[in-house]
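First comes the structure, then the notes that go with it.
Nothing in this text is a laboratory measurement; each read-out follows from the coordinates by a stated rule. The shown structure was predicted, so the numbers you read here are calculated from the model rather than taken from an experiment. Here the Cβ is made from the backbone with ideal geometry for all residues, glycine too, and neighbour counts use every protein chain on show.
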Amino acid sequence: MNLEEWVSIDERIAGLFAADPEPEHALEASRAAGLPDINVTAAQGKLLNILARAQHARAILEIGTLGGYSTIWLAKALADGGRLISLEANAKHAEVARLNIAHAGLADKVDVRVGPALSTLAQLKGPFDLIFIDADKPSYPDYFTWALQLSRRGTLIVADNAVLHGDVFDEPSEDPRVRGMRRFLEQLASEPRVTATVTQTVGGKGYDGFAIALVTAEP
C-alpha cells in the first residue's frame, strides 16, 4: 500500500470513529493561520482521548501544543474538575491554540504556557496521570526525564514520532531528530521504572509510531 491509500483509509476511519467538529475546527483554523500541518491524525487524536479516559485522567501534561488539536482531544477526556497543562515554545502557535481551545469550550480546563519546555517544565508540580510528548525530537530524552519526575506509579507516558518513517532504526544518521529519538528509545528501554513498547503506525501522516510507557514504580 502507498500513502494515498493510507490517507483514504485514515479518512474513512475518522469518519466512523473520530468525527468531532471541535478538533476539526482547530485543524482548519491552524492551517488558515499558517501553522505547520504536523498534528496527529484524527484516529490518533481519538486514541489519545481513549487512553486519557481509561486513565480517568484529572491531570494531563502535553509537551508541544502547536494549534491545540491534540490538546482538544485530550482535554475532552478529562474527568470532572480535571486540568490540562500544555507547553508551547512558539507564541504565535500558543495564541492560535488558545483561540481553538476557547472555541471548543475548553478554556477553563486548559492552561497553555509559552516558553521553552525545558524551562517551563521546571515550574510544574506533579504528578500527572497522562503525559503526551510531541515536540522537538532532539529534546525527547530530556522531556522523558522530566516526565518521569512529574509522574506517579500508574502514569501513562505517550510520545509521538517514535519511528520517523523508519529512520530511527536505519543506518547511523547525523539527523538530530533521528539521533534524539534513538537516545530516547534507548533510555526508555533501559528505564526500570516503566514498562514500555513502540507501536508502528501508518495513515495520513505516513509511516511512524507511538512510544507508550506505563510508570510501574514511584519515580
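Before moving on, here are some points about what is shown:
- Given (1) 17.6, 58; (2) 16.9, 51; (3) 16.4, 47, the label whose value is Rg and Dmax of the Cα atoms in Å derived from this model: (3)
- Residue with peak Gaussian network fluctuation, the chain [Cα springs, cutoff 10 Å], from LEU185, LEU99, LEU16: LEU16
- Cα-based Lys pair tally, the chain, threshold under 24 Å, eight or more apart or on separate chains: 14
- For the chain, the dipole from Cβ point charges (+1 on Lys and Arg, -1 on Asp and Glu) about the Cα centre works out to 820 debye, to the nearest 20.
- Neighbour-count order for THR71, THR155, THR145, fewest beta carbons within 10 angstrom listed first: THR145, THR155, THR71
- Share, in percent, of DSSP beta bridges within the chain that are antiparallel, nearest 5: 45
- Local electrostatic count at LEU16 - Lys and Arg +1, Asp and Glu -1, tallied over other residues with Cβ under 15 Å: -2
- Dipole of the stretch 3-215, positive end: most advanced residue of ALA19, GLN44, VAL114 [Cβ charges, Cα centre]: VAL114
- Within the stretch 1-126: Cβ-based charge dipole about Cα centre, in debye rounded to nearest 20 (Lys, Arg +1; Asp, Glu -1): 580
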